[in-house]
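These notes are about the structure you will find just below.
The values are calculated or read from the model by the stated rules, or taken from the named source; none is laboratory data. Computed from a predicted model, the values in this text were never measured in an experiment. Because the Cβ atoms are built from the backbone with ideal geometry, glycine has one as well, and the counts that use them run over all protein chains shown. Protein only, heavy atoms only, side chains kept; ligands, DNA and RNA dropped before computing areas. Shrake-Rupley method; radii C 1.70, N 1.55, O 1.52, S 1.80 Å.
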Amino acid sequence: MSRLFALAAPVLKALPPETAHRATITALKLGLGPVVSAPDDPVLAVTLWGRAFANPIGLAAGFDKDAEVMDPMLRLGFGFVEIGSVTPRAQPGNPRPRAFRLPDQQALINRYGFNNRGHAAAVARLEARQVNGAAAPGLLGINVGRNKDSRDPEADYAAGIRAFARLADYLVVNISSPNTPGLRAMQSREPLQRLLAAVTAARADGTARPPILVKIAPDLTPEDLEDVAEVALAAGIDGLLVSNTTIARPAGLPPDLAGEPGGLSGKPLMQPSTAVLRRMAKLVAGRLPLVGVGGVASGADAYAKIRAGASLVQLYTALAYRGPGLVGEIKRDLAGRLRADGFRSVAEAVGADLR
């Protein structure tokens, strides 16, 4: 199967990004994805929120928006997969074209705008997965968003918590996509306080109470980060994902694409997102677990996130460029780096650069 994907790679790269993405989803639904059966190196095991992760490498939200292929992706060797973002009602997202490759930079710009089929469709797939016993080994995160035309964003997020709490190993509140007007303003102190009060109350209403994490932007000021840390700690949530895509446009991007609105992901995001991760790790000082996201394309990148304070790491864009074999490469390299530096586990290495 890995050879099949390697042969298909040139064809997929010749297609527009969104078309290639849908073709990949279709192939995975048909069972054409690679399957990794070898057990993970024990040094990669992580226990967090009372859950056992076989390895700390996860698939970020955005790839599987509608809970269609979480199990094929887990079978690639990810320790966890995050679906979404899912909004209460189905919505088409922004007009096409809305995704742009930057191959020389190993990057993407997207402005999808939370295109998805809504809570009900995702819940139906997830329930069928449980009934059929089709779940692959690994943990499932569910990322929830708000509808673009919502008049009550807090209610949208609370609805997501209620809909998915019994189906998720953890939940993510996404308030940092740059592609929904007004969304990032919810990271400010008072809106964030109201939002976290609403989502924690929604979780308390149910019998299943998975961890709730908040996904933040890499473009926040130091003062914004301080506010987020203080509010998150006071609200009693369980972690932060650092970070989403960036609206910044570093030097060297193709001029014809640098002006495209949307979030930039991939290699150019590695350094700035890790700098924000490091700052947030200092602010929370071990009181709140962090997930490092942004620009991860190698074991060295994953290790840098962990040493900067991340207990888990996610990737997405690099997978589009490098293919499914990248997951195993990252895990092997990360295990080697941990052992070379004398760490017996990922947990021992978390925040090593801050000590």
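Restrict the check to the range 133-147 and report whether at least one residue is among the basic types (Lys, Arg), touching a residue at least 40 places away in the same chain (Cβ under 8 Å) and surrounded by fewer than 24 Cβ atoms within 10 Å (Cβ to Cβ). Looking for residues that are among the basic types (Lys, Arg), touching a residue at least 40 places away in the same chain (Cβ under 8 Å) and surrounded by fewer than 24 Cβ atoms within 10 Å (Cβ to Cβ), one finds none in the range 133-147, hence no. Would you check which residues across the range 309-323 are more than 16 Å from the chain's Cα centre (by Cα) and surrounded by fewer than 22 Cβ atoms within 10 Å (Cβ to Cβ) and list them? Once the filter is applied, which keeps residues that are more than 16 Å from the chain's Cα centre (by Cα) and surrounded by fewer than 22 Cβ atoms within 10 Å (Cβ to Cβ), the range 309-323 yields Tyr321, Arg322, Gly323.
Scanning the range 95-118 for residues that are buried (at least 19 other Cβ atoms within 10 Å of the Cβ), in contact (Cβ under 8 Å) with a residue 60 or more places away in the chain and of a type outside the set (A, V, I, L, M, F, W, C) turns up Arg98, Arg101, Gln106, Asn110, Arg111, Tyr112, Gly113. If the condition is being under 17 Å from Gly294 (Cβ atoms) and hydrophobic (A, V, I, L, M, F, W, C), then the range 101-116 contributes Leu102, Ala107, Leu108, Ile109. Out of the residues in the range 219-264 meeting the condition of being under 17 Å from Asn143 (Cβ atoms) and not small (Gly, Ala, Ser), tell me which one is most open to solvent (accessible area, probe 1.4 Å). Filtering the range 219-264 for residues that are under 17 Å from Asn143 (Cβ atoms) and not small (Gly, Ala, Ser), the one most open to solvent (accessible area, probe 1.4 Å) comes out as Asp238. Once the range 179-208 is narrowed to residues that are among the hydrophobic types (A, V, I, L, M, F, W, C) and open to solvent by 40 Å² or more (accessible area, probe 1.4 Å), the residue that is farthest from Asn110 (Cα to Cα) is Ala204.
Restricting attention to the range 138-153, does a residue exist that is farther than 14 Å from Ile83 by Cβ and in a helix (DSSP H, G or I)? Checked the range 138-153: at least one residue is farther than 14 Å from Ile83 by Cβ and in a helix (DSSP H, G or I).
Matching residues to (1) of a type in the set (A, V, I, L, M, F, W, C); (2) touching a Lys or Arg at 6+ places or on another chain (Cβ under 6 Å); (3) on the phi > 0 side of the Ramachandran plot; (4) assigned to a loop (DSSP other than H, G, I, E, B):
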{"position": "Glu18", "(1), (2), (3), (4)": "no, no, no, no"}
{"position": "Asp64", "(1), (2), (3), (4)": "no, no, no, yes"}
{"position": "Phe78", "(1), (2), (3), (4)": "yes, no, no, yes"}
{"position": "Val81", "(1), (2), (3), (4)": "yes, no, no, no"}
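Residues of the range 291-308 that are more than 16 Å from the chain's Cα centre (by Cα) and either open to solvent by 10 Å² or more (accessible area, probe 1.4 Å) or within 20 Å of Ile109 (Cβ to Cβ) (or both): Ser298, Ala300, Tyr303, Ala304, Arg307. Being assigned to a helix (DSSP H, G or I) and open to solvent by less than 10 Å² (accessible area, probe 1.4 Å) is a property that Gly160 has. One residue alone among Ala20, Ala61, Ala45 is open to solvent by less than 60 Å² (accessible area, probe 1.4 Å) and either touching a Phe, Trp or Tyr at 6+ places or on another chain (Cβ under 6 Å) or farther than 24 Å from Asp333 by Cα (or both), and that residue is Ala20. Residue check: is Arg89 under 30 Å from Pro39 (Cβ atoms), among the basic types (Lys, Arg) and surrounded by fewer than 22 Cβ atoms within 10 Å (Cβ to Cβ)? Considered against the rule, which asks whether it is under 30 Å from Pro39 (Cβ atoms), among the basic types (Lys, Arg) and surrounded by fewer than 22 Cβ atoms within 10 Å (Cβ to Cβ), Arg89 comes out as no. Considering Leu225, Leu195, Leu220, Leu171, the condition of being of a type outside the set (D, E, K, R) and within 17 Å of the chain's Cα centre (by Cα) is satisfied by Leu171 alone. Residue under question is Arg337, and the condition is that it be farther than 30 Å from Ala14 by Cα, without any contact (Cβ under 8 Å) to a residue 60 or more places away in the chain, surrounded by fewer than 21 Cβ atoms within 10 Å (Cβ to Cβ) and out of contact with any Leu (no Cβ under 6 Å at 6 or more places or on another chain); does it hold? Yes.
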